[in-house]
1. Could you work out the helix-only [θ] at 222 nm for the chain, with each DSSP H run of four or more residues adding -39,500 (n - 2.57) and the total divided by the number of residues, to the nearest 500 deg cm²/dmol?
2. Fewest Cβ neighbours within 10 Å first, please rank 69, 119, 75 accordingly.
3. Using the Cα centre as the reference, give the magnitude of the dipole from point charges on the C-beta atoms of the range 89-133 (Lys, Arg: +1; Asp, Glu: -1; all else neutral), rounded to the nearest 20 debye.
4. Based on other C-beta atoms within 10 Å, arrange 129, 37 from fewest to most.
5. Over all directions, average the projected area of the Cα convex hull of the chain and note it in nm².
6. Among the trypsin sites (Lys or Arg not before Pro) within the range 1-75, which fall in a DSSP loop and have no more than 11 other Cβ atoms within 10 Å of their own Cβ?
7. Just how large is the dipole of the chain about the Cα centre, in debye to the nearest 20, putting +1 at every Lys and Arg Cβ and -1 at every Asp and Glu Cβ?
8. Which Rg and Dmax, in Å, describe the Cα atoms of the range 1-74?
Amino acid sequence: MNWRDRLNRFMYGRYGQDQFSRFLLVVCLILLLLSFFVRIPLLSILVLLLLGYVYFRMLSRNVTARYAENQKYLELKGKVMGLFGKGGGSGIRQGDNMIFRCPKCSQKIRIPCGKGMVEITCPRCRTRFRKRT
Ligand SMILES: [Zn+2]
């Protein structure tokens with residue numbers, strides 16, 4: 001049995017990587033770089049804890065819980081992206097309408113142009129969000 005088979009056997013039934021893990025790894029990297037420039041007590045411990053958490057998630061057998069965490073992260077990311085998206089309006093113009101995507105479920109929503117700030121309720125998941133038309 002070569003190392004690849006061993007790794008596959010080891011990873012079998014485990015959760016592995018997802019967007020949330022990758023995001024946490026990026027945060028680790030940033031904190032690590034930061035710790036080279038500024039002396040913040042406990043920062044290296046924080047990085048280690050975070051890294052430990054990332055590996056815990058990757059090797060976890062509780063796939064359902066990890067999946068739920070990732071979904072929460074994606075939802076939160078969608079909300080943050082919505083806040084920082086060009087003045088809250090990241091829609092695509094199509095004729096006299098603007099096409100927006102629900103930050104939660106990515107459902108396409110068509111809104112007439114030139115209405116200013118509108119509160120949109122997603123027809124699929126009932127999420128409310130504000131967009132400029
Ligand atoms: Zn939705």
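1. Numbers: 4 runs with 67 residues, N = 133.
After summing the helix terms and dividing by the residues of the chain, the value is -17000 deg cm²/dmol.
2. Working: 69 17, 119 8, 75 14.
So the residues, fewest neighbours to most, are 119, 75, 69.
3. Numbers: 12 positive and 2 negative charges, 35 e Å.
Rounded to the nearest 20 debye, it is 160 debye.
4. 37, 129
5. On the way: hull surface 49.7 nm².
So the mean shadow area of the Cα hull is 12.4 nm².
6. For trypsin sites (Lys or Arg not before Pro) across the range 1-75 that sit outside H, G, I, E and B with at most 11 neighbouring Cβ atoms in 10 Å, the list reads 39, 61.
7. Numbers: 25 positive and 6 negative charges, 85 e Å.
Computed charge dipole of the chain: roughly 420 debye.
8. 14.9, 46
A short reminder: the numbers here are calculations on the coordinates, not readings from a lab. Small disclaimer: the values here were computed from a predicted structure and weren't measured. Note that we place each Cβ from the backbone using ideal geometry, even for glycine, and neighbour counts take in every protein chain shown.
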